1. Considering only residues that are hydrophobic (A, V, I, L, M, F, W, C) and either open to solvent by 60 Å² or more (accessible area, probe 1.4 Å) or farther than 21 Å from Ile250 by Cα (or both), which ones fall in the range 284-308?
2. Of the residues that sit in the range 179-219 and are within 30 Å of Glu60 (Cα to Cα) and either among the charged types (D, E, K, R) or more than 23 Å from the chain's Cα centre (by Cα) (or both), which one is modelled with the highest pLDDT?
3. Considering only the range 343-356, I want to know if a residue exists there that is aliphatic (A, V, I, L, M), assigned to a helix (DSSP H, G or I) and closer than 24 Å to Phe78 by Cα.
4. If the requirement is being open to solvent by 20 Å² or more (accessible area, probe 1.4 Å) and under 24 Å from Ala127 (Cα atoms), which of these qualifies: Phe403, Phe365, Phe323?
5. When the range 388-411 is examined, which residues are found to be within 17 Å of Leu332 (Cβ to Cβ), touching a helix residue (DSSP H, G or I) at 6+ places or on another chain (Cβ under 7 Å) and not aliphatic (A, V, I, L, M)?
6. Only one of these conditions is not met by Ile167: (1) part of a helix (DSSP H, G or I); (2) over 19 Å from the mean Cα position of the chain (by Cα). Which number is it?
7. Test of understanding: among Leu89, Leu84, Leu110, Leu105, which residue is open to solvent by less than 20 Å² (accessible area, probe 1.4 Å) and either assigned to a helix (DSSP H, G or I) or among the hydroxyl-bearing types (Ser, Thr, Tyr) (or both)?
8. Restricting to the range 113-128, name every residue that is closer than 19 Å to Gly82 by Cα and surrounded by fewer than 24 Cβ atoms within 10 Å (Cβ to Cβ).
Amino acid sequence: MAAVNADRKGDSSQATLIASESEQSASMPRYATLLFALACGMSVANIYFAQPLLDRLSSEFGIDYSIIGIVVTITQIFYGFGLLLLVPLGDLLNQRRLVIGQMLLSVIALVIVGTAANSIILFAGMAMVGLLAVVTQTLVAFAATMAAPAERGRVVGMVTSGIVIGILLARSISGILTDLAGWRSVYLVSAAIMLVMVGMFYKVLPRVERKVKSLSYPQLLGSVLSLFVQERLLRIRSILALLIFADFSILWTSLVLPLSSAPLSLSHSAIGAFGLVGVAGALAAARAGKLADRGYGQRTTGIALTLLLVSWLFIGYTEQSLFALVIGIVLLDLAVQAVHVTNQTMILPLRADARSRLTAGYMVFYSIGSASGSIASTHIYAHYGWGGVCVLGASVSAAALLFWAVTRILD
């Protein structure tokens, strides 16, 4: 394919960034990194607001406990569609317009969920929320392009930390707002905040002038599959993403059920507060990007996957000790975030002109894992209780560690 120049005329008050690997040498400003992290965290939180609300949604819409996880699963499935259909556009279109457009549509989707009168409208709104939340991955690829090669791991680590922190804080925010003003307020407040973020991005989001491939949309989507065929590292890291995020969802989707039931019977605010505990692990894992920059990506992965397995030993005592649960949450979130940051730091340099497509392909596996973990965990809880959920989580962790070890031996 012949390369063409994508001319983008911007206001003189806004920075014009050149996103070619040879020309990008200046460090990405810290304020820009933090802004990207904030936007990613706010956007991805929309997917996870429902997790502490499953019992409320089950009651209001008459959905049985054994299948209420479908609310989260639908969101994750459409998130996967968005990854495949929307994120690759970041390699073809103006990323600034793509980000702002998706965030505006997200506002509409959130209002639909917040005003849903029946389960059909609720599911439709959740599907839209999931589809459009992939703006986070457009932002990750955008940040990786803006960053100098030597600092790419650090920048990706910080932005990705914003995503994981957003996921975890979503539970706390969701629980507090639900106790104060009902579950609908969660989505309506989020819609208002997203609208404010659109205004901020319109004024400060950098315009990018770059070289792009003259691909048609079908060719663009087909090239995502081609990348999987061509890049072994992408295949390996994508499978690890599927397994670790299945584990992540197994815990966080079903955790509200034992905590809200007797004998614990915690409030939504208290349940949401456990998300704050997970933030400590996510922040600690932000350093994983720096370690990957220094060539320690495989070692970091092995240690993190071991901690992921160990975390379930503590989580298994949730009904006897909330302190044990806290330890398990910190270890699990630390491990998942460390592997995720390392994965992205290792795959994004593979093709400088295809970072959005690399991100899309990788995150499709993330979405499959998250959706599978969500529906499996609530089903297992309904039939085997919390002990069954912990056995499932530990089994997935062991599979991830074994898979990584085998790929290392075969290298």
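1. First, pick out the residues of the range 284-308 that are hydrophobic (A, V, I, L, M, F, W, C): 284-286, 288, 291-292, 303-305, 307-308.
Listed by number, the residues that qualify are Ala284, Ala286, Ala288, Leu291, Ala292, Ile303.
2. By that ranking, first place goes to Arg184.
3. First pass over the range 343-356, keeping only residues aliphatic (A, V, I, L, M): 346-348, 350, 352, 354.
Next, only the ones that are assigned to a helix (DSSP H, G or I) stay: 346-348, 350.
Restricting the remaining residues to those that are closer than 24 Å to Phe78 by Cα gives 347-348.
For the range 343-356, residues aliphatic (A, V, I, L, M), assigned to a helix (DSSP H, G or I) and closer than 24 Å to Phe78 by Cα: present.
4. On the way: Phe403 fails: under 24 Å from Ala127 (Cα atoms); Phe323 fails: under 24 Å from Ala127 (Cα atoms).
Answer to the check: Phe365.
5. If we filter the range 388-411 for residues that are within 17 Å of Leu332 (Cβ to Cβ), which is where we start, we get 389-401, 404.
Now drop any that are not touching a helix residue (DSSP H, G or I) at 6+ places or on another chain (Cβ under 7 Å), which leaves 389-390, 392-394, 396-401, 404.
Answer for the range 388-411, where residues must be within 17 Å of Leu332 (Cβ to Cβ), touching a helix residue (DSSP H, G or I) at 6+ places or on another chain (Cβ under 7 Å) and not aliphatic (A, V, I, L, M): Cys390, Gly393, Ser397, Trp404.
6. Condition not satisfied by Ile167: (2).
7. Answer to the check: Leu110.
8. Within the range 113-128, the subset closer than 19 Å to Gly82 by Cα is 113, 122-128.
Answer for the range 113-128, where residues must be closer than 19 Å to Gly82 by Cα and surrounded by fewer than 24 Cβ atoms within 10 Å (Cβ to Cβ): Leu122, Phe123, Ala124, Gly125, Ala127, Met128.
The values are calculated or read from the model by the stated rules, or taken from the named source; none is laboratory data. All values reported here derive from a predicted model rather than from experimental measurement. All Cβ positions, even for glycine, are placed from backbone atoms using ideal geometry, and neighbour counts span all protein chains on display. What goes into the accessible areas is simple: the full protein's heavy atoms, side chains included, and nothing from ligands, DNA or RNA. Shrake-Rupley method; radii C 1.70, N 1.55, O 1.52, S 1.80 Å.
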